[in-house]
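Here it is: the structure, laid out below.
Read-outs throughout are calculated quantities, based only on the coordinates presented, and are distinct from any laboratory measurement. Note that this is a predicted model, so its numbers are computed, not measured. Quick reminder, even Gly has a Cβ in these numbers, built from the backbone with ideal geometry, and neighbours come from all protein chains shown.
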Amino acid sequence: MKSNLLKEDLSILNLNDDVMQRLEENNIMKVEDLCSMTKADLRNINFEQSDISTIEIKLQLNGLDIKKKRY
């Protein structure tokens, strides 16, 4: 199931609109794209630490994380 999740649109993570907009502006459209990023990558596109933490939590609730970690 997790590998199928990677191909899904980011909307399945239920991130807030501001986060979604910033991700889309940076051509991050799929869960797989987000999982390939690091915290530094996210900071480079102006995410605050609180946003990064929220992203990590949403991914972890689905058994995933940034930097392609799986749980």
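Rounded to the nearest 500, what is the 222 nm mean residue ellipticity of the chain from helices alone, with -39500 (n - 2.57) per DSSP H run of 4+ residues and division by all residues?
-13500 deg cm²/dmol
Something else about it: Strictly greater than 18 Å: what percent of every Cα pair in the chain meets that?
Above the 18 Å cut-off, the chain has 25 percent of its Cα pairs.
Sort 36, 11 so that the residue with the fewest other Cβ atoms within 10 Å of its own Cβ comes first and the one with the most comes last.
11, 36
Sticking with this one: Pairs of alpha-carbon atoms within less than 8 angstrom and 6+ residues apart define the contacts here; what relative contact order does the stretch 2-68 have, in percent?
RCO, the stretch 2-68: 39 percent.
To continue, here is another question. Can you list which of the GluC sites (Glu not before Pro) found in the stretch 8-49 are DSSP loop residues with at most 16 other C-beta atoms within 10 Å?
8, 48
Then there's this: Taking only Cα atoms, what is the 0 to 90° angle, nearest 10, from helix 49-60's long axis to the longest principal axis of the chain?
10 degrees
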